[in-house]
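Undergrad: Let me give you the structure first, and then I'll get to my questions.
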Amino acid sequence: MRALQNSRVHELSPEEQAIYRQLDPERIPRHVAIIMDGNGRWAGKRALKRFLGHQQGAESVQYVVETASRIDLPWLTLYAFSLENNLRRPRAEVNFLMKLLKTYLVGNVKRMNDNNVRMAYIGRIHELPSEVRDTMQWASEATAKNTGTTLTLALNYGARSELVDAMRLAMRDAITESEGDFARLQSLIAEMDEPHVTRRLYTAAMPDPDLVVRTSGEQRISNFLLWQIAYAEIFVTDRLWPDFRGIHLLEAIADFQRRERRYGGLGEHITDEDTDAQRVDDAAELVRR
């Protein structure tokens, strides 16, 4: 059973506290992943430039992170910049997003430390500009001793590329371990299973997400954590990311707690007697036909 160490609920706003009081603290998800979407549409609805939507979206990040830290959410992962964004967006927009990332990290490390938040990253980080990587490393080191929420930014990230990288790593490890013995290599490949893949993902040190939140009303995963969210609950909101706040994270968690997670089973309220009775009913229906 999860230990209740949180003592910062009193820092929630009155509206947030009203929702939090309806939650079971023992059933707060271990890991929430958010597909942040809608910055451009938010700006377009206001006849503003897209970069202003991205700036407002960066503000939303910190609001949500602070609420997550106050409820003692262990892991929060945000899909900040996809591999497809890097390849398909106009270069001027990509350059702006890189500058915005640097500005966000520099401007918020103190707030991260004040909230006991630790920074981490997943994705093909090595492909980002060196000055951005330097700032990312600085922010990670500056928050490394924090023990509260781990905020992971998915940057230059794509789930398919993550799986490709994991497969390459698994093969390299097998080749190294086989020491040139082809029969041994074949045996190692035959022994590969799901844990072999999981240990080589970018998220190897993290639990799989319990809850995935998608903003802007789009009902797709967008190449995000495809392996890890196999049994995650999905919550879709029409709210655009720049308008998303901590209270909306709590609403998503409240919805999560109303669901029964079955992981491919029948659910905790279904017994063998229930299934036996259903089989009898099904057989009787066939006879009547």
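Undergrad: Output yes when any residue across region 164-177 is touching a helix residue (DSSP H, G or I) at 6+ places or on another chain (Cβ under 7 Å) and surrounded by fewer than 17 Cβ atoms within 10 Å (Cβ to Cβ), and no when none is. Can you show your working first?
TA: At the first step, the residues of region 164-177 found to be touching a helix residue (DSSP H, G or I) at 6+ places or on another chain (Cβ under 7 Å) are 166, 170, 174-175, 177.
Adding the requirement that they be surrounded by fewer than 17 Cβ atoms within 10 Å (Cβ to Cβ) leaves 175, 177.
Yes, region 164-177 has at least one match.
Undergrad: Any chance region 182-203 includes a residue that's closer than 24 Å to R27 by Cα and either free of Cβ contacts under 8 Å to residues at least 12 places away in the same chain or surrounded by 12 or more Cβ atoms within 10 Å (Cβ to Cβ) (or both)?
TA: Of region 182-203, the ones closer than 24 Å to R27 by Cα are 203.
Keeping just the survivors that are either free of Cβ contacts under 8 Å to residues at least 12 places away in the same chain or surrounded by 12 or more Cβ atoms within 10 Å (Cβ to Cβ) (or both) gives 203.
Looking for residues that are closer than 24 Å to R27 by Cα and either free of Cβ contacts under 8 Å to residues at least 12 places away in the same chain or surrounded by 12 or more Cβ atoms within 10 Å (Cβ to Cβ) (or both), one finds at least one in region 182-203, hence yes.
Undergrad: Under 6 Å between Cβ atoms, which residue pairs at least 6 apart in sequence (or on different chains) link something in region 1-16 that is surrounded by fewer than 14 Cβ atoms within 10 Å (Cβ to Cβ) with a partner that is modelled with pLDDT of 70 or more?
TA: From region 1-16, the pairs are R2/E26; L4/P25; E15/I247.
Undergrad: Related question: Q56 passes all but one of (1) under 25 Å from A252 (Cβ atoms); (2) of a type in the set (S, T, N, Q); (3) surrounded by 20 or more Cβ atoms within 10 Å (Cβ to Cβ); which number fails?
TA: Here Q56 clears every test but (3).
Undergrad: To continue, here is another question. Could you give me the residue pairs with C-beta distances under 9 Å whose first residue belongs to region 156-173 and is more than 18 Å from Y79 (Cα to Cα), whose second residue is among the aliphatic types (A, V, I, L, M) and in a helix (DSSP H, G or I) wherever it lies, and which are 6+ apart or on separate chains?
TA: A166/V197; M167/V197; A170/I189; A170/V197; M171/I189; D173/L188
Undergrad: Report yes if R21 is over 22 Å from G217 (Cβ atoms) and basic (K, R), otherwise no. Lay out the reasoning, then the answer.
TA: Details: over 22 Å from G217 (Cβ atoms): yes; basic (K, R): yes.
So R21 passes the test.
Undergrad: Taking region 204-243 only, how many residues are among the β-branched types (V, I, T) and free of Cβ contacts under 8 Å to residues at least 60 places away in the same chain?
TA: Let us first name the residues in region 204-243 that are among the β-branched types (V, I, T), namely 212-213, 215, 221, 229, 234, 236-237.
From the residues that got through so far, the ones that are free of Cβ contacts under 8 Å to residues at least 60 places away in the same chain too are 234, 236-237.
The qualifying residues number 3.
Conditions (1) closer than 23 Å to T143 by Cα; (2) within 18 Å of the chain's Cα centre (by Cα); (3) of a type outside the set (K, R), marked per residue:
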residue	(1), (2), (3)
R46	no, no, no
A68	yes, yes, yes
L87	no, no, yes
R91	no, no, no
L100	yes, no, yes
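Undergrad: Residues that are under 25 Å from L225 (Cβ atoms) and in contact with a Pro (Cβ under 7 Å, 6 or more places away or on another chain): find the helices (runs of 4 or more DSSP H) completely inside region 1-115 holding 3 or more of those. Can you show your working first?
TA: Working: elements: 14-20, 39-45, 50-70, 83-88, 91-114.
It comes to 50-70.
Undergrad: Hey, another quick one. Pick from A47, A80, A68: which is modelled with pLDDT of 95 or more and crowded, with 17+ Cβ neighbours inside 10 Å?
TA: Details: A47 fails: crowded, with 17+ Cβ neighbours inside 10 Å; A80 fails: modelled with pLDDT of 95 or more.
Among A47, A80, A68, only A68 is modelled with pLDDT of 95 or more and crowded, with 17+ Cβ neighbours inside 10 Å.
Undergrad: Restricting attention to region 121-128, does a residue exist that is at pLDDT below 95, of a type in the set (F, W, Y) and under 26 Å from L226 (Cα atoms)?
TA: So far as region 121-128 goes, no, none of its residues is at pLDDT below 95, of a type in the set (F, W, Y) and under 26 Å from L226 (Cα atoms).
Undergrad: Test E131 against the stated conditions and say whether it is assigned to a helix (DSSP H, G or I), within 17 Å of W227 (Cβ to Cβ), in contact (Cβ under 8 Å) with a residue 12 or more places away in the chain and not hydrophobic (A, V, I, L, M, F, W, C). Quick ask: steps written out before the conclusion?
TA: Details: assigned to a helix (DSSP H, G or I): yes; within 17 Å of W227 (Cβ to Cβ): no; in contact (Cβ under 8 Å) with a residue 12 or more places away in the chain: yes; not hydrophobic (A, V, I, L, M, F, W, C): yes.
No.
Undergrad: Another question, then. For region 209-231, how many residues are in contact with a strand residue (DSSP E or B) (Cβ under 7 Å, 6 or more places away or on another chain) and either surrounded by fewer than 21 Cβ atoms within 10 Å (Cβ to Cβ) or of a type in the set (D, E) (or both)?
TA: Result for region 209-231: 6.
Undergrad: For region 189-289, give me every one of the helices (runs of 4 or more DSSP H) that falls completely inside it and has 3 or more residues that are at pLDDT 95 or above, farther than 30 Å from Q17 by Cα and aliphatic (A, V, I, L, M).
TA: Hits in region 189-289: none.
Undergrad: Among the residues of region 134-144, how many are outside any loop (DSSP other than H, G, I, E, B), in contact with a strand residue (DSSP E or B) (Cβ under 7 Å, 6 or more places away or on another chain) and closer than 22 Å to L201 by Cα?
TA: So the first thing to find is which residues in region 134-144 are outside any loop (DSSP other than H, G, I, E, B), and the list is 134-142.
Narrowing further to those that are in contact with a strand residue (DSSP E or B) (Cβ under 7 Å, 6 or more places away or on another chain): 136, 139-140.
This time we only want the ones that are closer than 22 Å to L201 by Cα, so: 136, 140.
Count: 2.
The values are calculated or read from the model by the stated rules, or taken from the named source; none is laboratory data. Source: prediction; values computed, not measured. So basically every Cβ, Gly included, is an ideal-geometry build from the backbone, and we count neighbours across all protein chains shown.
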